[in-house]
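Notes follow the structure.
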Amino acid sequence: MSEHEQPISMRFRIYRWDPEGGAKPRMQDYTVDGLLPSMMLRDALLRIKAMDETLSFRHSCGEGVCGSDGVNINGRNGLACITPLKGLRQPVEVRPLPGMPVIRDLVVDMSRFFHHYRSVKPWLIHHDPMPEIELSQTPAQREKLDGLYECILCACCTTSCPSFWWNPDRFRGPAALLQAYRFLADNRDQATEERLNDLDGPYRLFRCHTIMNCADVCPKGLNPTAAIHNIKKLMAEQST
Ligand code: SF4
Ligand code: FES
């Protein structure tokens, strides 16, 4: 934080819903004084929570690492902890991630998201006997995982994807497909055929219509659309 920064006052409009109260969801307005432009949205949410302890939201690391504070900010998904207050249009509208069942306020049920993640078997499958020391990789083989392994499973991409909103049970979604390709691209994995067969069909992979919202919102700068394209290429190669 710069020592020259002047404290500012900002207006927020936050989605509120309490499943126990019986009332409909509503937007609640707050004004927070004493913020600094370099502060992040999470800092403002914590201030609001100090004023109104009934507000619920998830967060943990505060550094864009744990992926737990994905929310919709002025219509765009992002992580509250790395979204600077500076430049946000006011009142800053904060809603839960779209297309997910809301548990309370900004907290969504991530079960379906993690169901899709688990379904792509996000671990190495190696059928041959394991070597005594390690499964080694050349630097070039390791480099192929760059842009894939960094995903923090925040769900910002999947919940910004219209194909996922329309087919949340059948389309795996950008995050799970990025992970599927992370293992397809790994030279140590020996389950290419079964992974590709599992994604075949009209829904799990092919519901992607290259809308590209996923790559646009990913806070880690990853490109699930490119990963999906690469899976389709591998499928085409497999069938020739
Ligand atoms: Fe989040 Fe990006 Fe991973 Fe999607 S690909 S879950 S937006 S880190
Ligand atoms: Fe961990 Fe934002 S609080 S990513």
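Note on segment 111-238: Cα-Cα pairs beyond 23 Å make up 29% of the total pair count.
The Kirkwood radius of the chain, taken over pairs of alpha-carbon atoms, gives through the Stokes-Einstein law at 4 °C and 1.567 mPa s a diffusion coefficient of 66 µm² s⁻¹.
Among beta bridges from DSSP that stay inside the chain, the antiparallel ones total about 85%.
For segment 160-240, chymotrypsin sites (Phe, Trp or Tyr not before Pro) are listed when DSSP marks them as loop and at most 16 other Cβ atoms sit within 10 Å of their Cβ; the list is Tyr203, Phe206. Close amide H pairs (under 5 Å, H built 1.01 Å from N) link Ile103 with Val108, Asp109, residues at least 5 positions away or on another chain. Evaluated over the chain, the count of Lys pairs having alpha-carbon atoms less than 23 Å apart is 10 (only pairs 8 or more residues apart or interchain). Estimated from helical segments only, the mean residue ellipticity of the chain at 222 nm is -8000 deg cm²/dmol, where each DSSP H run of four or more residues counts as -39500 (n - 2.57). About the centre of its Cα atoms, the chain shows a dipole size close to 800 debye [charges on the beta carbon of Lys, Arg (+1) and Asp, Glu (-1) only; nearest 20 debye]. Structural descriptor for the chain: relative contact order 17 percent, calculated from alpha carbon pairs under 8 angstrom and at least 6 residues apart.
Highest mean packing first, where packing is the average number of other Cβ atoms within 10 Å per residue, the peptides 228-234, 132-138 line up as 228-234, 132-138. For the peptides 190-199, 70-79, the ranking by packing is 70-79, 190-199, with the highest mean count of neighbouring Cβ atoms within 10 Å listed first.
A short reminder: the numbers here are calculations on the coordinates, not readings from a lab. Bear in mind that the values here come from a model prediction, so they are computed numbers and not experimental data. Using ideal geometry, Cβ is built from the backbone for each residue, glycine included, and neighbour counts are taken over all protein chains shown.
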